[in-house]
Amino acid sequence: MDYYSSYITKLIEELGRLPGIGSKSAQRLAFYIISQPEEQVKHFAETILSAKENVHYCQCCCTLTDRDICPICASPKRDHSTIMVVETTRDMAAYEKTGQYEGVYHVLQGAIDPMRGIGVNDIRLRELIERLKGDVQEVIIATNLGVEGDATALYLRNLIKPTGIKVTRIASGVPVGGDLECIDEVTLLRALNGRVEQ
Ligand code: ZN
């Protein structure tokens with residue numbers, strides 16, 4: 001039996017697809033949305049749509065941006081010969097918050113995960129390899145410490161090492177399995193400064 005209007009059921013279903021939203025939260029959010037003034041809900045829906053329409057990958061580092069080239073890649077103040085490889089734009093933001101890193105980034109938009117069928121062609125690796133043809137002195141691997149991050153780091157090391165470019169990995173001060181964005185700035189800086197040559 002349908003307790004709610006099918007419109008509400010559909011809304012609950014859609015919200016329930018979001019990561020971290022269980023069926024109870026989905027219900028709560030759906031009823032909250034319905035209770036809001038129409039203008040506000042319209043604004044919310046339009047915000048989602050315009051974010052989706054305007055945000056894409058930076059042509060250089062593959063982070064999410066609304067420009068062709070993101071502000072970090074476009075900045076002449078950054079050291080473009082040092083590339084830190086991270087999994088997500090959120091990880092990149094965590095390092096940016098420290099305000100201490102002067103190099104640039106490459107955002108893989110994921111990590112190699114054989115268990116879930118995510119291979120080297122499913123992340124933004126080709127774009128990184130292309131960048132390595134330029135003037136690059138060091139690649140800092142800052143993938144998350146965990147099975148997928150480790151597999152990705154190993155792959156990158158084996159790929160880059162033969163080119164003669166210095167390869168380092170952030171120190172293991174970062175808790176295993178910890179998402180970079182959840183780690184405080186001091187820990188991140190310590191991990192960055194204590195990076196180890198691979
Ligand atoms: Zn960029």
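Exactly one residue out of Glu185, Glu181, Glu87 is modelled with pLDDT under 90, on the phi < 0 side of the Ramachandran plot and under 15 Å from the mean Cα position of the chain (by Cα), and it is Glu181.
Taken as a whole, the structure leaves Glu53 outside the set of residues that are within 26 Å of Arg157 (Cα to Cα), open to solvent by 40 Å² or more (accessible area, probe 1.4 Å), without any contact (Cβ under 8 Å) to a residue 40 or more places away in the chain and more than 12 Å from the ligand (Cβ to nearest atom).
Which of the residues spanning segment 10-34 are among the hydroxyl-bearing types (Ser, Thr, Tyr) and modelled with pLDDT under 95? Across segment 10-34, the qualifying residue is only Ser23. Out of Glu87, Glu102, Glu96, one residue alone is within 16 Å of the ligand (Cβ to nearest atom), open to solvent by 80 Å² or more (accessible area, probe 1.4 Å) and under 21 Å from Glu185 (Cβ atoms). It is Glu102. If we scan segment 58-78, do we find a residue that is buried (at least 20 other Cβ atoms within 10 Å of the Cβ), assigned to a strand (DSSP E or B) and free of Cβ contacts under 8 Å to residues at least 40 places away in the same chain? Yes, some residue in segment 58-78 is buried (at least 20 other Cβ atoms within 10 Å of the Cβ), assigned to a strand (DSSP E or B) and free of Cβ contacts under 8 Å to residues at least 40 places away in the same chain.
One residue stands out in segment 129-165 among those that are open to solvent by less than 40 Å² (accessible area, probe 1.4 Å) and within 15 Å of the chain's Cα centre (by Cα): the one that is modelled with the lowest pLDDT, namely Leu145.
Evaluation of Leu18 against the conditions (1) in a loop (DSSP other than H, G, I, E, B); (2) in contact (Cβ under 8 Å) with a residue 24 or more places away in the chain; (3) not basic (Lys, Arg) shows that the sole unmet condition is (2). If the requirement is being away from the ligand (no atom under 15 Å from the Cβ), of a type outside the set (D, E, K, R) and without any contact (Cβ under 8 Å) to a residue 40 or more places away in the chain, which of these qualifies: Ile112, Ile160, Ile140? Within the list Ile112, Ile160, Ile140, the selection yields Ile160. With respect to the conditions (1) out of contact with any Ser or Thr (no Cβ under 8 Å at 6 or more places or on another chain); (2) more than 17 Å from Thr89 (Cα to Cα), Glu138 lacks only one, and its number is (1).
The values are calculated or read from the model by the stated rules, or taken from the named source; none is laboratory data. Predicted, not measured: the structure shown is a model, and the values here were computed from it. All Cβ positions, glycine included, derive from the backbone under ideal geometry; neighbour counts span all protein chains shown. All accessible areas refer to the heavy atoms of the entire protein, side chains included, with ligands and DNA or RNA removed. Shrake-Rupley method; radii C 1.70, N 1.55, O 1.52, S 1.80 Å.
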